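Taken together, the values in this text are just the output of simple stated rules run on the coordinates, not laboratory data. Only a predicted model underlies this, so the values are computations on that prediction, with no experimental measurement involved. Cβ: placed from backbone, ideal geometry, glycine included. Neighbour counts: every protein chain shown.
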Amino acid sequence: MLLRLGAVLAGAALLGACQLETKSVAQNGYRGTGMDQIHLVSDKKKVGEVPPPPYDPPKPGGKPAREAYQNVQVLGDISEDEFSYTMAAITQWIAPEQGCNYCHNPANMASDELYTKKVARRMLQMTRNINTGWTQHVKQTGVTCYTCHRGQAVPSENWALPAKGNPDTILGNKHGQNAPLATTAYSSLPNEAFAKYLLDAKSSNIRVQSNYSHPSGYAATANKTTTMETEGTYSLMMHTSSALGVNCTFCHNAGSFQAWNMSTPKRVGAWYGYRMVRNINGEYIGSLASVFPKHRLGPQGDPLKVNCATCHRGVNKPLGGVSMVKDYPALRPTGPMITAAAAPAPAAPAAAATKMP
């Protein structure tokens with residue numbers, strides 16, 4: 001009896017961390033291919049609710065904003081009315097309580113004395129670049145300031161370079177591991193994957209696959225990848241899966257994780273997504289390091305940056321796929337833009353993903 005009771009208690013302890021809830025299963029491929037997507041029923045939130053426009057969109061035409069106002073460096077190509085309409089929406093998305101004064105001096109709206117105005121200007125350049133230069137990832141849905149901010153001045157999902165450990169001792173230096181965080185799906189995997197893979201265009205290659213399981217000097221089976229590098233990649237994959245609320249098989253085929261021709265088309269979108277995040281962090285946020293005050297910087301003095309969760313928030317399509325940018329054409333211009341030069345989107349992956357045969 002004691003042994004049976006002990007077994008029951010042990011089983012309860014082992015299952016205590018499991019998500020014992022009702023789940024829904026969707027087939028994402030042919031039967032027997034291990035392509036199921038499993039979701040908790042409780043995770044189905046109202047992700048499609050977005051704030052309405054501040055008022056009816058203005059009609060096209062009118063005096064350009066650059067002629068109507070002073071010091072308009074980014075949105076000067078749109079009309080005066082559209083400029084006011086876009087500013088009203090941005091205030092609602094980012095600083096609904098502080099209002100216009102969060103970025104502007106009410107006595108001199110053209111002044112750049114507040115750092116928030118300089119940041120907002122750069123973020124508008126970034127948003128326009130995403131909507132026109134990264135359609136391989138955002139498609140025609142696009143993004144707005146609300147996609148990341150959700151009514152907050154600082155997006156709740158962000159990251160910065162972690163504090164450096166003491167290289168002279170192993171005491172207290174976990175080398176970024178065994179410190180469960182939400183960003184690594186509460187695993188013991190390295191928490192420096194963002195710094196390694198998503199910092200800028202020079203970040204490390206994410207793929208570490210090889211044709212042989214052990215280090216080898218033979219040319220046909222050469223494998224120079226270390227276990228530590230593999231752990232870093234797996235840490236990023238865990239983050240991606242958690243950020244999008246999906247299984248690995250959302251992009252990969254369990255029969256061969258490395259084969260592009262067995263992967264789903266979503267893998268191509270993710271490939272561009274990682275590079276878009278690098279462009280955002282390197283070209284736009286990284287350039288603001290000297291603009292942000294100290295309290296808005298990370299442990300190493302770098303600005304707070306974005307990752308997959310910044311936009312997705314646990315769903316594979318941010319905001320449930322609702323397109324807000326259609327109501328704000330200023331954020332997806334069709335003509336020449338007054339904006340800083342941005343790195344062009346990279347070419348497609350070497351092996352394009354196709355549908356399952």
Checking the a/c ratio against 1.5 first, then a/b against b/c, what shape does the Cα gyration tensor give for segment 293-333? oblate
Would you please state which residues of segment 103-127 a label at GLN70 would reach in this model, taking the label point 7 Å out along Cα→Cβ and a backbone N cut-off of under 14 Å? 105-113
So, counting K/R as plus one and D/E as minus one, what does the shell of residues with Cβ under 15 Å around ALA89 add up to? 0
Quick one: Karplus J couplings for segment 263-280, per residue in order, coefficients 6.51, -1.76, 1.60, θ = phi - 60°, nearest Hz, x for Gly and Pro? 7, 7, x, 4, 5, 5, x, 5, 4, 5, x, 4, 6, 5, 4, 4, 5, 4
Listed peptides 155-161, 68-74 by packing density, highest first (mean Cβ within 10 Å): 155-161, 68-74
Report the label-to-label distance for ASN178 and ALA88 in nanometres (one decimal), using points 7 Å from each Cα along the Cα→Cβ vector. 5.8
Between the modelled labels at LEU297 and SER156 (7 Å from Cα along Cα→Cβ) the distance in nm is 2.8
Say the cut-off is 20 Å between C-alpha atoms; which of LYS118/LYS196; LYS59/LYS326; LYS305/LYS326; LYS196/LYS305 go over it? LYS118/LYS196; LYS305/LYS326
Between the modelled labels at TYR115 and ALA254 (7 Å from Cα along Cα→Cβ) the distance in nm is 4.9
Full extension between ALA185 and VAL25 adds, at 0.36 nm per residue less the Cα distance, a length in nm of 55.5 nm
